[in-house]
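Structure record follows, encoded as structure tokens.
Bear in mind these aren't lab numbers, they're just calculated from the coordinates by the rules spelled out. Not measured: the values here are computed from a predicted model. Don't worry about glycine lacking a Cβ; one is built from the backbone with ideal geometry, like all the others, and counts go over all protein chains shown.
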Amino acid sequence: MRITKKKFKLFLLTVISGIVMGVISKLFLDSLMLASSFREKHQYMLLLLPIVGILTAFVYKNYGEGSQRGNNLIIDSVHKNSHVPLRMSSFTFIFTILTHLSGGSAGREGTAVQIGGTITNKLAESFRLDVSDKKILIMSGISAGFGSVFGTPLAGTFFGVEMCFMGKLSYESLIPCFTASYIADFVAKSLGAVHSSHLIMYVPQMTPYIFTVVVLAACIFGVVGKYFSICIHFLKDSYAKLFKNYLIRAFASSVFVMAVMLLFNWTRYEGLSTWMIDEGFKGITAFYDPLAKYILTCMTLGAGFQGGEVTPLFDIGASLGSVIGQMANIEPSFLAALGLLSVFGCATNTPVTTIMLGIEMFGSDAVSYYVIAALISYYVSGHNGIYQSQVIYTPKSELLKGQSKLSIEEIRD
């Protein structure tokens, strides 16, 4: 009877977190759309980037209580039961909107995951869940955030199950993550949330040539995903060494981002830049598009701005895949889809989520290709990733078995 009451409490809190996250995701998506629309009509907003950078650094440094760790703090709360301040949810919401309003190149998943993780942390503490149930509830909050902000509840389910670990699926959290993700997505869509969709125009038959191109492309995607996170942390470390004062650091790094945008006329890569995915699937991507977005996103996040990495990874992967498709004379939308999935999957170390995302976004006709691309890019990227607190449970290679039970951050340090 005691176990039944315990599990009923967890289920009820999972449902509550899904409903709350669905409402917040709709509000967040609407706010992002308004901010992006205003910025596009008023290009002078880019001049506010250094002010937003300083404000972000000041607030997080003085009032954040560790919130600057972002998604890594949410992962720490799963592994180490770390405290997550409730203010983190409002901070990441507000400063992500300000990042997009002033032209920073960032995404949205980080905000949704942080809000979902913060809410579930607070619920778990308020209702005095034990440590194991608290972990499950936090992972369901992660699923609710991802599933509702992208409109992909199946992928959201597995993202919550996979995100905190490398080489492990948290099966005990599968049903709660499924419940929270689908409820959050249902609530968001019921309130009017709309998500873009893309089609693979033609899935080629598996031939030696197609297989070879897909394998080589997956290797390229893996390398791109690997160095994305390395580049961000290199910039953060470099700025920290150059500028000891955190406000001067925030100002200088923000001015650097703004200067690069203006110097190369890269303002079209501001914000989410989802037009890159559209052009990728149409096969009209310019060869420099993925590189420009890659550089600006690394610079923006390396400067300490708030936002996520996933949408920019989608942009980079889709445009890069499209370029490869044009060069190899293979349907661009096919390789754009594989690029979108693989660059995201290897940078987040979530191969199962990647495959589910492919089925959910593009259908099951190309599922064998999703598997090939996801697994190869995952292996090629090594023990790197955008979530530095991820703990390695199953190393990607026998050569890396000595890194088992360490986090990516511990390996890097």
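Each residue of the range 315-320 is assigned a 3J(HN,Hα), and the resulting list reads 4, 4, x, 5, 5, 5 Hz, derived from the Karplus form 6.51 cos²θ - 1.76 cosθ + 1.60 (θ = phi - 60°), x at Gly and Pro.
In the elastic network of the chain, a GNM with C-alpha springs shorter than 10 Å, the most mobile of His195, His233, His79 is His195.
Counting alpha carbon pairs within less than 8 Å and at least 6 residues apart, what relative contact order, in whole percent, applies to the chain?
Working: 816 pairs, mean separation 85.7, N = 413.
Dividing the mean separation by the residue count of the chain yields 21 percent.
Residue-wise HN-Hα couplings along the range 66-73, as the Karplus relation 6.51 cos²θ - 1.76 cosθ + 1.60 with θ = phi - 60° gives them from phi, are x, 5, 5, 6, x, 4, 5, 5 Hz; Gly and Pro carry x.
Shape call for the range 347-394 from the C-alpha gyration tensor, a ≥ b ≥ c root eigenvalues: rounded (a/c under 1.5), prolate (a/b greater than b/c) or oblate? Each step should come with its number before you reach the end.
Details: a/c = 2.92, a/b = 2.01, b/c = 1.45.
Prolate.
Helical runs (DSSP H, four residues minimum) scored at -39500 (n - 2.57) apiece and divided by the length of the chain put the mean residue ellipticity at 222 nm at -23000 deg cm²/dmol.
Local charge sum around Lys122 (other residues, Cβ-Cβ under 14 Å, Lys/Arg +1, Asp/Glu -1)? Charge balance near Lys122 sits at +1.
Excluding Val20 itself, what net charge comes from residues whose Cβ is under 14 Å from its Cβ, given Lys and Arg +1 and Asp and Glu -1? Could you put the intermediate results ahead of the total?
Values: positive: Lys26, Lys122; negative: Asp185.
So the environment of Val20 carries a net charge of +1.
Local charge for Ser67 was computed over the other residues whose Cβ lies under 14 Å away, with Lys and Arg +1 and Asp and Glu -1, and equals +2. By the gyration tensor of its Cα atoms, with a ≥ b ≥ c the square roots of the eigenvalues, what is the shape of the chain: rounded for a/c under 1.5, prolate for a/b over b/c, or oblate? Taking the square roots of the gyration eigenvalues as a ≥ b ≥ c, the chain is rounded. 3J(HN,Hα) along the range 330-338: 10, 2, x, 5, 5, 6, 5, 5, 5 Hz, from the Karplus curve 6.51 cos²θ - 1.76 cosθ + 1.60 with θ = phi - 60°, whole Hz, x for Gly and Pro.
Highest mean first, what order results for 5-11, 144-150, 352-358, 254-260 on Cβ atoms within 10 Å?
Details: 5-11: 13.7, 144-150: 34.1, 352-358: 24.0, 254-260: 18.9.
Going by the mean number of other Cβ atoms within 10 Å, highest first, we get 144-150, 352-358, 254-260, 5-11.
Build a GNM of the chain with springs between Cα atoms under 10 Å apart, and of Gly117, Gly280, Gly167 the one that fluctuates most is Gly167.
Connecting C-alpha atoms closer than 10 Å in a GNM of the chain, tell me which of Ala336, Ala217, Ala106 has the biggest fluctuation. So, out of Ala336, Ala217, Ala106, the one fluctuating most is Ala217. Look at the Cα gyration tensor of the range 176-248: its axes a ≥ b ≥ c give a/c of at least 1.5 with a/b at or below b/c, and that counts as oblate.
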